[in-house]
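The values are calculated or read from the model by the stated rules, or taken from the named source; none is laboratory data. What you see is a predicted model; the values in this text were computed from it and never measured. Ideal geometry is used to build each Cβ from the backbone, glycine not excepted, and the neighbour counts take in all protein chains shown.
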Amino acid sequence: MRKPVFIYLILFFIATISKANTIVLTDSLILNLTHLIKNKDTFVEQKELYLSQIKKKLDNSADNLNLKFELQKQLSSSYASYKSDSAIYYAKKNLDLANRLQHPNWILETELDLSLHYLVAGMYIDSKDILDRIPVQKLNNHLKVKYLDAQKNLFKFYAYHNYNQKNYLAISHTYRDSLLTMLDKASNHYKMVYAEKLIDLDKIKEAKVILNSIYETIKEDSHEKAMLAFAISEIYRKEGNVGKQGEFLIISAGCDIKNAIKENTSMQALAFLLHQKGYIDESYICIKSSLEDAIFCNAKFRTYEVSQIFPIIDASYQEHQKQKKEQLFTFLIVASVLSILLILAIIYVYKQMRKVSRFRLELFKANQDLNKLNDELQTKNQEYKIVNQKLSKTNNLLYESNQIKEVYIGHFLDICSMYITKLEKFQTLIKKMIMGDKISELLNLVKSNERIDKEKKELFNTFDHIFLHLFPSFVDDFNALLTEDGKIMLKTNELLNTELRIFALIRLGVNDSSKIAGFLHCSLNTIYTYRAKIKSKAIIDKDEFDKNIMQIGTIKSI
C-alpha cells in the first residue's frame, strides 16, 4: 500500500512544479522589458544629467536673450513628456521673456507649446483658453501646424472624459483634416497623421503599409519609434493579431523607458494585454510602472487612464500571490512527506548496503583466489605461447628448407640428366674424331674453355631463375639494407650478379665461404672481398647483416 501513495505524491509534486513553471515562464521580449523597468532609474539619471547640462548653459546666458529663449524652449520641450510641471514652468518663463521683448512669433509659439503642456497635465480649460485667443490669421505655416495639432489633441483627449464623445471626436477629426492640408505629404508627420485617419476609417492595410515604411527607416530607439510602434500595435489589435500587438507594445514601452518618457500610453496598454493573456506578475509590474510614471509626470489624463485599469490588475495580482502562497504551502507539505520517505529509504538502503558489504568481502576473497589461479594460468599460457612460437618458427624453417630442397633436388636431377646426355654426346664426338684421325682438332677442343664457360653461364642462369622463383623480392629487399650509393644496379637482362649470388647462397643456408667459392668457380679471397665490401655499405650493424639476409622474402608456393 505504501508504493501507490508514494507515486501519487511524486506525481502531485511534479504537477505543482509544472504549473508554477507555466506561470513564471514568459517570452524573452517580456523578460527584457521587465529588466528595463527594474533599471529605469538609470535612464532617468541620464535624462537628469542632460537637463542639468542645459540648465548650466542657461545660467551662463543671462546677457544673451536669444540664447536664453532657445535654452528655455529646449528645457520646456525636454520636460514635456517627463515632468509636465517643469515643462509649464519653463514655457511660462519663455512667454514672459517673449512679452518683454515684444516678439510676436515667440509669443505665439510659446503659447502653443504651453497649450500642449496643459493637455498633458489634464488642464483642458487652460489649454482651450490659450487656443481660443490665438489669432490664427497671424500664424505662419509652422505655427499653424502646431495650432491645428494642439486643437486636434485637445478635443481627442477631452472626448475620453465626456459623455458626448462622438461630437468631440468629430471636431478633433475636422482639425486633423485641416492639419493634413498643411503638412508636407512626404514628411513622417503627415504620414503618421494620415495613418491615424486610415485606422479610424478601418482602412487597416493602407495604414499598415504607411507605418511600416516609416518604421523601417528608424534605427535608433527614439521617442518617434515608440509612437510608431504603438500605432502599429493598434493596427494588429484591430486585425486580432495579439502576438504582434504585444510585440510592438513591448518595443514602444522599451523605447519610452530608454528615453525617460513618463507620459506614455503603451505601458498601460501592454499591462492590460498581459493581464488578458494570464501574465499576472508581468502585467502588475507594467501597470505599477505606468502609474508611477503618470504620477511622476503629473499627467492627469494618463493617471486617470491607469486608475481605471490598476484595481483590476491589482486584484488579480493579489489573488495570484495568494495562489502562489498556497502552492508554496502545498509544496512544503509534499517536500516534507518526500523528505520523511527519503529518510526511511536511506535507512533501508543503509541496511541493504551493510549486507552488500558482507557479500563484497566474501566475493573479494573469492576473487583473490581466482586471481591467483588466473596468474598461474597466465604464466602457463605464456610458457605455452613461447613454446608454440618456437615450434612455429621451427616449422616455418622446416617448411622453407623443404621447399628449397624440393625445388633444388628437382632441378638437380634435371641438370644431372642433362649433363649425362651431354657427356654421351661429347663421348660420341671424341670417338668419331679419334676414328677419323682428327687428333689435332680433338686437342684444340680439349684445350678450349669456351664449352666450360658456356656451361657455367648456363648453370648460373638456371640458379638465378630458381632462386628468384623462390624469393621474387630478393633484389629489392637486399638493396633496402644498403645505403643509396651502395645499392646494386643490375645490367639489362641480368637477373643476379656475383655479389647477389654470394648472398643468395647465404639466404639458402650456404654460409661457408669455401663452398660458395667452389659453386661460383672463384677464389676464396674474392668471396671474402665481396662480402666485406657489401657489409661496409650496409645501413644496419655489420654483425647483424647475415641474420637480416636470412629474413629476406618468403618462400613462393610451388
Response to the item:
Expected output for the stretch 289-317 (first residue on the phi > 0 side of the Ramachandran plot, partner surrounded by 21 or more Cβ atoms within 10 Å (Cβ to Cβ) and in a helix (DSSP H, G or I), Cβ below 7 Å, 6+ apart or cross-chain) is Asn298/Ser84
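This table checks each residue for (1) β-branched (Val, Ile, Thr); (2) surrounded by 12 or more Cβ atoms within 10 Å (Cβ to Cβ); (3) at pLDDT 80 or above.
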site: Thr421; (1), (2), (3): yes, no, no
site: Thr428; (1), (2), (3): yes, no, yes
site: Lys438; (1), (2), (3): no, yes, no
site: Asn444; (1), (2), (3): no, no, no
site: Lys456; (1), (2), (3): no, yes, yes
site: Leu459; (1), (2), (3): no, yes, yes
site: Phe463; (1), (2), (3): no, yes, yes
site: Phe471; (1), (2), (3): no, yes, yes
Worksheet item: Among the residues of the stretch 144-176, how many are in contact (Cβ under 8 Å) with a residue 24 or more places away in the chain and closer than 24 Å to Met192 by Cα?
Response: 17
Response to the item:
Wholly inside the stretch 430-523, helices (runs of 4 or more DSSP H) that include 2 or more residues that are touching a Phe, Trp or Tyr at 6+ places or on another chain (Cβ under 8 Å) and in contact (Cβ under 8 Å) with a residue 40 or more places away in the chain are 450-470, 474-479, 498-507
Worksheet item: Among the residues of the stretch 84-101, is any more than 30 Å from Tyr158 (Cβ to Cβ) and surrounded by fewer than 16 Cβ atoms within 10 Å (Cβ to Cβ)?
Response: yes
Discussion item. Leu481 - would you say it is of a type outside the set (Ser, Thr, Tyr) and either at positive phi or in the same structural domain as Leu505 (by TED's automatic domain parsing) (or both)?
Written reply: yes
Response to the item:
Asn141: passes all of (1) surrounded by fewer than 18 Cβ atoms within 10 Å (Cβ to Cβ); (2) without any contact (Cβ under 8 Å) to a residue 40 or more places away in the chain; (3) not aliphatic (A, V, I, L, M) but (2)
Discussion item. Looking only at residues that are within 41 Å of the chain's Cα centre (by Cα) and of a type outside the set (Gly, Ala, Ser) in the stretch 331-341, which one is surrounded by the fewest Cβ atoms within 10 Å (Cβ to Cβ)?
Written reply: Leu332
Discussion item. Given the condition of a type in the set (Ser, Thr, Tyr), crowded, with 19+ Cβ neighbours inside 10 Å and in contact with a His (Cβ under 9 Å, 6 or more places away or on another chain), answer yes or no: does some residue in the stretch 273-287 qualify?
Written reply: yes
